[in-house]
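> I am attaching a structure below and will ask some questions about it afterwards.
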Amino acid sequence: MRSHCDSIADVLQEYFVCTENGWIHHRADKEIAKTGDKSEKASASAKARWNKAKDANALPTQSERNATHNTLHITQDIVKKSTRGSRLSTDFCLTDEWKDFCQQDRPDLNPSKVFETFKDYWVAKAGQQGVKLDWFATWRNWVRSQNQAPINKADQVFTTVPSRFERDPALIAVEQKLKEGVPMPPEIKLALERLRK
């Protein structure tokens with residue numbers, strides 16, 4: 001309540017009674033108890049009705065839908081609380097399972113070095129982004145997203161460079177055919193001369 005302390009004190013003294021358990025309001029307590037009883041009865045009724053085979057095709061009443069919805073809402077709240085994430089511990093070490101995954105999925109990587117980078121990154125990550133539900137899944141994604149190591153050009157073998165210091169056999173064959181061939185016709189010689197000019 002965004003009210004002044006004096007206003008809150010006036011409301012408490014006017015409408016509430018101070019007891020050992022704190023400030024109470026008898027009428028409000030009765031209404032809350034009634035609502036709880038109604039909700040429990042409606043939930044039990046809905047469950048009993050839907051468990052009967054003869055009513056399997058019947059549509060639920062409004063109170064039954066509300067009872068089922070309230071039960072579902074409470075269950076979802078419990079599930080949410082049980083699936084809270086956590087931060088990566090500063091004393092966490094590379095496990096065999098994590099190492100094996102890295103070696104199988106990316107044999108080109110060094111698992112220890114990748115883990116050091118992974119741990120430094122996530123331990124230093126501030127706020128909610130540093131909280132994860134499944135750290136092994138985060139590790140798997142991290143390993144898969146690592147870039148391939150750059151290829152050293154000195155390690156590459158260029159097949160376009162001849163391996164021996166001999167004349168190319170195709171060039172020798174062309175020269176041989178030129179020697180054996182018919183001389184160039186005069187009209188082609190003239191055309192070449194014009195192009196040169």
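> Could you compute how much accessible surface Thr95 exposes when probed at 1.4 Å, giving the result in Å² to the nearest 10?
50 Å²
> Using a 1.4 angstrom probe on the protein heavy atoms only, could you order Trp122, Trp139 from most to least accessible area?
Ranking Trp122, Trp139 by accessible area, largest first, yields Trp122, Trp139.
> List the pairs from Lys99/Lys132; Lys47/Lys132; Lys34/Lys132 whose alpha-carbon separation is above 31 Å, in the order I gave them. Could you put the intermediate results ahead of the total?
Numbers: Lys99/Lys132 20 Å; Lys47/Lys132 37 Å; Lys34/Lys132 42 Å.
Listed pairs above 31 Å: Lys47/Lys132; Lys34/Lys132.
> Of Lys125, Lys189, which has the most accessible area with a 1.4 Å probe, and how do the rest follow in descending order?
Reading off the accessible areas and sorting them downward yields Lys189, Lys125.
The values are calculated or read from the model by the stated rules, or taken from the named source; none is laboratory data. This is a predicted model, so every value here is computed, not measured. Note: areas computed on protein heavy atoms with side chains; ligands, DNA, RNA excluded. Shrake-Rupley method; radii C 1.70, N 1.55, O 1.52, S 1.80 Å.
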